[in-house]
Amino acid sequence: MGFILKFLIISIALSWIFSQLLKFFLKSKLKRFVDQVNNVQREETQKAKPKNGNVNVDYIPKGHQEKRTRDTNSIDGEYIDYVEVKD
């Protein structure tokens with residue numbers, strides 16, 4: 001009876017220690033992975049920013065392009081009537 005009790009106590013202790021070690025290693029690996037992802041994201045963000053302060057537009061939606069060409073073709077523009085109010 002004493003052998004079985006010792007075996008159970010040692011087995012429970014070893015499994016608890018193993019689970020704690022496994023948890024520690026998994027947390028450290030996960031932290032390292034998160035740090036690597038954050039570094040890659042930071043580098044991509046820095047590459048995306050123009051260095052001279054200008055903004056480069058790579059894509060203009062088709063509907064916006066048609067409206068833009070229509071607006072630039074009209075020479076007169078739109079007339080807005082207003083009344084100047086003096087106090």
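Every number here is computed from the coordinates shown, using simple stated rules; none is lab data. Just so you know, these numbers come straight off a predicted model, no measurement behind them. Note that we place each Cβ from the backbone using ideal geometry, even for glycine, and neighbour counts take in every protein chain shown.
In table form, for the structure just shown:
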{"read-out": "Difference of contour (0.36 nm per residue) and Cα-Cα distance, E78 to V55", "value": "5.4 nm"}
{"read-out": "Residue-wise HN-Hα coupling along region 15-32, computed from phi with Karplus coefficients 6.51, -1.76, 1.60 (Hz; x: Gly, Pro)", "value": "5, 5, 4, 4, 5, 5, 5, 5, 4, 4, 5, 5, 5, 5, 5, 5, 5, 5"}
{"read-out": "Pairwise label distance in nanometres, K23 with L5, each label 7 Å out on the Cα-Cβ vector", "value": "2.8 nm"}
{"read-out": "Estimated distance in nm for a label pair at I12 and T45, the labels positioned 7 Å out from Cα along Cα-to-Cβ", "value": "4.9 nm"}
